[in-house]
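Report on the following structure.
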Amino acid sequence: MTMSQQAAPAVTSPPASGPRQRDGRTVQRPLALRLLARPEVGVFLGAVAVFVFFFAMAPTFRQGSSMATILYQSSTIGIMALPVALLMIGGEFDLSAGVAVITSALTASMVSFQLTMNVWVGVVVALVVSLAIGAFNGWMMVRTGLPSFLVTLGTFLGLQGINLAVTKLITGNVATDDISDMDGFNQAKALFSSSFTVGGVQFKITVLWWLLFAALATWVLLRTKYGNWIFAVGGNKDSARAVGVPVKFTKISLFMLVGFGAWFVGMHQLFAFNTVQSGEGVGQELIYIAAAVIGGCLLTGGYGSAIGPVFGAFMFGMVSQGIVYAGWNPDWFKAFLGVMLLGATLINLWVQKSATRR
Amino acid sequence: MTTADIGKNNGQVATDDQAPVVELRGTGKSYGNIRALHGVDLAVRPGRVTCVLGDNGAGKSTLIKIISGLHQHTEGEFLVDGEPVRFSTPREALDRGIATVYQDLATVPLMPVWRNFFLGSEMTKGPWPVRRLDIARMKKTADEELRNMGIVLDDLEQPIGTLSGGQRQCVAIARAVYFGARVLILDEPTAALGVKQSGVVLKYIAAARERGLGVIFITHNPHHAYMVGDHFSVLRLGTLELSASRDEVSLEELTNHMAGGAELAALKHELAQVGGVDVEELPEEADLQAPVAASPEGNS
């Protein structure tokens, strides 16, 4: 029994290091460093820099109508970049996101036109198809354990072929027929592709949807259980599963969310241009992923925000239009893109290291 | 000597008035034709730390996998609250209050401490469409629970990856305690830690015991085990080599059971660094070849 008495101080002696550790914890890192560690701050500063740059360089850039065009372009990228970003935070990729937009638009257009039905029927069928593509991607990935890169690369190639082949098979052409004179078209156009005027400048409604979805995504990500799960499955899948997070449900639903985004953007394209080119959309998936990465989402998952990709997409819009307004050769756009992407990735890498540093 | 120890242990079990929460009786596990574990008796009582020691391949992992529900035993009995059970998932074990803190499977490094604390069991408020995390309550609760375990963090928003390995283990332990664990299984919590960090973890093991939890402390470090353990089970090649309560075994005997005499010279050196153990009293390698007769009193 004396043995346990002897051992008692041994148990309480380790706390001697306690107070010192507590004191160490109270030292706050500098405010600037803490702010920079936020996922969206880097891209915010980048967007401000790009804005100032083009504001100084291109007089046309300063007009309200130019801003409306930039915002419109940003919104069509931004609406898709949001679910792609959430998926990336959840640790996965979707390379099929670009062509899935066209698949959705083609489905709505052809279902409505070929069956001569109200366009809303086509819109609903397209939604089901888009969600099903997302569910398939997620299910395949969860079921087989293959990397999502591989699974969605397959879907990407598959959809690309299906888009062309089925469109040619049904319409005999590479584009769908004009649906602008069909029942319900004006209603659907009002929802997906109308305009509104603020202070004499005409804005596209997609800008509103974009900001609404971004607010919703931010709320979900930071304030709900589901958002917590997204961070967890991307950050450490095995830990998440061990503490009872439904990993499979979270991943599949994130892919379906990308499907929803593809449907929305697809519907916008359909009702903005009345017809769809079946070969489009290739390469867009990388733009969405780039916007998410520039927006501070970690390529390997577990870190990021929904606000970041908003600024990421806005930067895209500013650069692609700004080059035109500045009177430069638009071919430079991709070069800008490459530099932006690399810079953003380096910032992310640094953030991850400083955040996990002991 | 082993038989004598087990004999003494049986006497101790008979006199201990507190019923074990988890009990193994002659439990074993075979993977095909390989017998990983055979005839193991183990009792985990509330407010007691049961240390399971053994070298690599001794069957420690198999033992905890049976108790935590990852594997099923193939022989003997596994009782929880006196009734035989056979868990098919870790969730079932968790529902019976058996929580396992794995060495590296505990946290999501980039998430804040409070989010990690409640991950998978988040507190929410509000009706469904606007049901949201009750962040204020979660932070408050996490802070209180961590303080109860003696962990003081100024900023619960910091990613848990910025904490030291020992502190992360402690947060995982505090989380298991908060979510109603009655039995805590710690899988080599000090294996990857330095001496000081190990001390912090050992302190929280003691704190968990104070709160009335039964703790199964898996380790291959007899010094760590002896600091907090109430009962020691040493596994060797899948069978129980020693099962003795604290007053029946000295650190020398425990170390002797864990390691052959040759390794002990090195362990003695390590012992000196741990502190709280009288190195001078430790026998030399030659002494340990013979059965150790030193009484525990000789050490104080």
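Within the range B:191-208, take every residue that is in contact with a Ser or Thr (Cβ under 6 Å, 6 or more places away or on another chain) and of a type outside the set (S, T, N, Q) and give me the one that is modelled with the lowest pLDDT.
It comes out as B:Lys196.
Could you go through the range B:132-151 and let me know if any residue there is in a helix (DSSP H, G or I), crowded, with 17+ Cβ neighbours inside 10 Å and assigned by TED's automatic domain parsing to the domain that holds B:Asp81.
No - not one qualifying residue is present in the range B:132-151.
Being over 21 Å from A:Glu40 (Cα atoms) and more than 7 Å from every other protein chain (Cβ to nearest Cβ) is the filter; apply it to the range A:204-243 and report the residue that is modelled with the lowest pLDDT. Even if it seems obvious, please write down each step before you answer.
From the range A:204-243, those over 21 Å from A:Glu40 (Cα atoms) are A:204-206, A:225, A:236-243; that's our starting set.
Then keep just the ones that are more than 7 Å from every other protein chain (Cβ to nearest Cβ); that gives A:204-206, A:237, A:241.
On the way: A:Lys204: 93, A:Ile205: 93, A:Thr206: 94, A:Lys237: 87, A:Arg241: 80.
Going through the qualifying residues, I end up with A:Arg241.
Considering only residues of the range A:305-329 that are at pLDDT 90 or above and in a loop (DSSP other than H, G, I, E, B), which is farthest from the other protein chains (Cβ to nearest Cβ)?
Top of the filtered list is A:Ala306.
Could you tell me which numbered condition B:Asn56 fails, if it satisfies all but one of (1) over 23 Å from B:Ile205 (Cβ atoms); (2) away from chain A (no Cβ under 14 Å); (3) surrounded by fewer than 18 Cβ atoms within 10 Å (Cβ to Cβ)?
For B:Asn56, the failing item is (1).
How about the range B:121-142: which of its residues are under 20 Å from B:Glu157 (Cα atoms) and of a type outside the set (A, V, I, L, M, F, W, C)?
Applying the first criterion (under 20 Å from B:Glu157 (Cα atoms)) to the range B:121-142 yields B:121-124, B:132-142.
Scanning the range B:121-142 gives B:Ser121, B:Glu122, B:Thr124, B:Arg132, B:Asp134, B:Arg137, B:Lys139, B:Lys140, B:Thr141.
Do you know which residues across the range A:270-288 are surrounded by fewer than 24 Cβ atoms within 10 Å (Cβ to Cβ) and part of a helix (DSSP H, G or I)? Spell out the reasoning first.
So in the range A:270-288, the residues surrounded by fewer than 24 Cβ atoms within 10 Å (Cβ to Cβ) come out as A:272-275, A:277, A:279-280, A:282-284, A:286-287.
A:Ala272, A:Phe273, A:Gln284, A:Leu286, A:Ile287, listed by residue number.
Return the total of residues in the range A:190-206 being within 21 Å of A:Gly281 (Cβ to Cβ) and not polar (S, T, N, Q). Step through it out loud before you land on a result.
If we filter the range A:190-206 for residues that are within 21 Å of A:Gly281 (Cβ to Cβ), which is where we start, we get A:192-193, A:204, A:206.
This time we only want the ones that are not polar (S, T, N, Q), so: A:192, A:204.
Residues that pass the stated criteria total 2.
Restricting attention to the range A:98-116, which residues are farther than 22 Å from A:Leu286 by Cα and in contact with a helix residue (DSSP H, G or I) (Cβ under 7 Å, 6 or more places away or on another chain)?
Taking the range A:98-116 and keeping what is farther than 22 Å from A:Leu286 by Cα, we get A:107-116.
Within the range A:98-116, A:Thr107, A:Ala108, A:Ser109, A:Met110, A:Val111, A:Ser112, A:Gln114 qualify.
Among A:Val282, A:Val247, A:Val265, which is within 14 Å of another protein chain (Cβ to nearest Cβ) and of a type in the set (Val, Ile, Thr)?
Details: A:Val282 fails: within 14 Å of another protein chain (Cβ to nearest Cβ); A:Val265 fails: within 14 Å of another protein chain (Cβ to nearest Cβ).
None of the other options fit; the residue is A:Val247.
Taking B:Leu267 and the conditions (1) at pLDDT below 85; (2) assigned to a strand (DSSP E or B); (3) among the hydrophobic types (A, V, I, L, M, F, W, C), which numbered condition does it fall short on, given that it satisfies the others?
Single failed check for B:Leu267: (2).
Given (1) within 11 Å of another protein chain (Cβ to nearest Cβ); (2) touching a residue at least 12 places away in the same chain (Cβ under 8 Å); (3) touching a Lys or Arg at 6+ places or on another chain (Cβ under 8 Å), identify the lone condition not met by B:Arg132.
The failed condition is (2).
Can you pull out the residues in the range B:187-207 that are away from chain A (no Cβ under 12 Å) and either in contact with a strand residue (DSSP E or B) (Cβ under 6 Å, 6 or more places away or on another chain) or surrounded by fewer than 21 Cβ atoms within 10 Å (Cβ to Cβ) (or both)?
Within the range B:187-207, the subset away from chain A (no Cβ under 12 Å) is B:188-189, B:191-192.
Matches in the range B:187-207: B:Glu188, B:Ala191, B:Ala192.
Select from the range B:216-230 the residues that are more than 13 Å from every other protein chain (Cβ to nearest Cβ) and part of a strand (DSSP E or B) and write down the one among them that is farthest from B:Met123 (Cα to Cα).
B:Thr219
For A:Ala132, work out the one condition from (1) closer than 30 Å to A:Leu222 by Cα; (2) outside any helix (DSSP H, G or I) it doesn't fulfil.
(2)
In the range B:118-127, is there at least one residue being assigned to a helix (DSSP H, G or I), out of contact with any Gly (no Cβ under 9 Å at 6 or more places or on another chain), within 10 Å of chain A (Cβ to nearest Cβ) and surrounded by 14 or more Cβ atoms within 10 Å (Cβ to Cβ)? Talk me through it step by step, then tell me what you get.
Of the residues in the range B:118-127, the ones assigned to a helix (DSSP H, G or I) are B:118.
Subset that is out of contact with any Gly (no Cβ under 9 Å at 6 or more places or on another chain): B:118.
With within 10 Å of chain A (Cβ to nearest Cβ) added as a condition, the list becomes B:118.
In the following step, the residues that additionally are surrounded by 14 or more Cβ atoms within 10 Å (Cβ to Cβ) were identified as B:118.
Checked the range B:118-127: at least one residue is assigned to a helix (DSSP H, G or I), out of contact with any Gly (no Cβ under 9 Å at 6 or more places or on another chain), within 10 Å of chain A (Cβ to nearest Cβ) and surrounded by 14 or more Cβ atoms within 10 Å (Cβ to Cβ).
Scan the range B:69-80 for residues that are surrounded by fewer than 21 Cβ atoms within 10 Å (Cβ to Cβ), out of contact with any Gly (no Cβ under 9 Å at 6 or more places or on another chain) and not in a strand (DSSP E or B) and jot them down.
Selection gives B:Leu70, B:His71, B:Gln72.
Among B:Leu213, B:Leu184, which is in contact with a Phe, Trp or Tyr (Cβ under 9 Å, 6 or more places away or on another chain) and either crowded, with 24+ Cβ neighbours inside 10 Å or at pLDDT 85 or above (or both)?
On the way: B:Leu213 fails: in contact with a Phe, Trp or Tyr (Cβ under 9 Å, 6 or more places away or on another chain).
After ruling out the rest, the residue left standing is B:Leu184.
Search the range B:161-180 for residues being over 18 Å from A:Ala242 (Cα atoms) and not in a helix (DSSP H, G or I), and hand back the single one that is farthest from the other protein chains (Cβ to nearest Cβ). Can you show your working first?
First, pick out the residues of the range B:161-180 that are over 18 Å from A:Ala242 (Cα atoms): B:162-167.
Going one step further and asking which of them are not in a helix (DSSP H, G or I), we end up with B:163-164.
Values: B:Leu163: 8, B:Ser164: 6 Å.
This residue is B:Leu163.
Residues of the range B:20-61 being over 17 Å from the mean Cα position of the chain (by Cα), part of a loop (DSSP other than H, G, I, E, B) and under 12 Å from B:Arg236 (Cα atoms), which ones? Can you show your working first?
Applying the first criterion (over 17 Å from the mean Cα position of the chain (by Cα)) to the range B:20-61 yields B:25-39, B:57.
Add one more test, that the residue is part of a loop (DSSP other than H, G, I, E, B), and what stays is B:32-33, B:57.
B:Gly57, the sole residue that qualifies.
The values are calculated or read from the model by the stated rules, or taken from the named source; none is laboratory data. As the structure is a prediction and not an experimental result, all values here were calculated from the model. Every residue, glycine as well, gets a Cβ built from its backbone with ideal geometry; the counts of neighbours run over all protein chains shown.
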